[in-house]
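*Asks:* So that we are looking at the same thing, I have put the structure below in structure tokens.
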Amino acid sequence: MGDLLDVLSWFGGGETSVADLLLHLLAALVLGQLVAWVYAWTHHGMSYQRSQVQSLILLALIVTTVMLAIGNNLARAFGLFGALALIRFRTPIKDARDATFLFLAVGVGITVGTRNLELAFVATVFALAVAAYLSWSQFGERVAADSVLRLTMPADEPREARLRTILRHYCSLFTLMHLRETGTSNMEFAYRLRLVDPAQSSALLTDLGAIPGVRATSLFVQDEEQEL
């Protein structure tokens, strides 16, 4: 095994040992997996994708590899980044938090690739601790449950009175955002709600569906959407 490492070091130009390269790649793998784990643990909503989690680990490894290949060689840096500029990424990032974790994975790769392992470990652990704290404390949340209800039904006073009765039962606060005519005597209602108990959102949709003529009902609760 030692002879194989010596041969690989000779082909690599002798600037560093294969054992040293494996150490930095292993550090990138550990930190990248830690970033991915915290991302998966603190993620909320329906936009979760396993490919995003795996990309965080692979991105840390790829950036580390690129930085190790560049080293202090300016010409090599221009060559590698020129080659990478030919790649076009078409995947849209809908959540700013997803982009933040991608930048963190890039930061892991840069710090490990420049052989600054102390900075890589300290900064990554600190950033992930802050991310976990923000998720646990629900920092930035304005209300306990901020929801939007949309439905279509014929416009008449008995149905609207029954709708308001149901909303009073399930909501501590509701406000009509807009009322729009959709044709054939139907109206589209949009309410902003504050649910007493977000876990009762399914029961709310069931009771609304029991109103004659109600259709196209959708309820958006924070990061989760339910439809009837």
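*Asks:* When you look at R115, is it in the same structural domain as P198 (by TED's automatic domain parsing) and surrounded by 14 or more Cβ atoms within 10 Å (Cβ to Cβ), yes or no?
*Replies:* Against the criterion (in the same structural domain as P198 (by TED's automatic domain parsing) and surrounded by 14 or more Cβ atoms within 10 Å (Cβ to Cβ)), R115 does not qualify.
*Asks:* What are the pairs, 6+ residues apart or on separate chains, where a residue within the stretch 186-210 that is β-branched (V, I, T) has its Cβ under 9 Å from a residue that is surrounded by 14 or more Cβ atoms within 10 Å (Cβ to Cβ)?
*Replies:* Final answer for the pair search is V196/A145; V196/Y170; V196/C171; T206/L228.
*Asks:* Restricting attention to the stretch 184-217, which residues are part of a strand (DSSP E or B) and of a type in the set (V, I, T)?
*Replies:* Of everything in the stretch 184-217, just one residue is part of a strand (DSSP E or B) and of a type in the set (V, I, T), namely T217.
*Asks:* Does any residue of the stretch 175-188 turn out to be within 20 Å of G213 (Cα to Cα) and modelled with pLDDT of 85 or more?
*Replies:* Yes: one or more hits.
*Asks:* On the basis of being within 30 Å of F139 (Cα to Cα) and at pLDDT 70 or above, does D20 make the cut? Before the answer, list the steps.
*Replies:* Working: within 30 Å of F139 (Cα to Cα): no; at pLDDT 70 or above: yes.
Criteria not met by D20.
*Asks:* Could I ask something else about it? Got at least one residue in the stretch 141-148 being closer than 17 Å to I57 by Cα, modelled with pLDDT of 70 or more and surrounded by 17 or more Cβ atoms within 10 Å (Cβ to Cβ)?
*Replies:* The answer is no; no qualifying residue exists.
*Asks:* Moving on. Can you tell me which of F89, F126, F121, F101 is more than 21 Å from L29 (Cβ to Cβ) and either at pLDDT below 85 or not small (G, A, S) (or both)?
*Replies:* F89
The values are calculated or read from the model by the stated rules, or taken from the named source; none is laboratory data. Quantities reported herein were computed from a predicted structural model and do not represent experimental measurements. All Cβ positions, glycine included, derive from the backbone under ideal geometry; neighbour counts span all protein chains shown.
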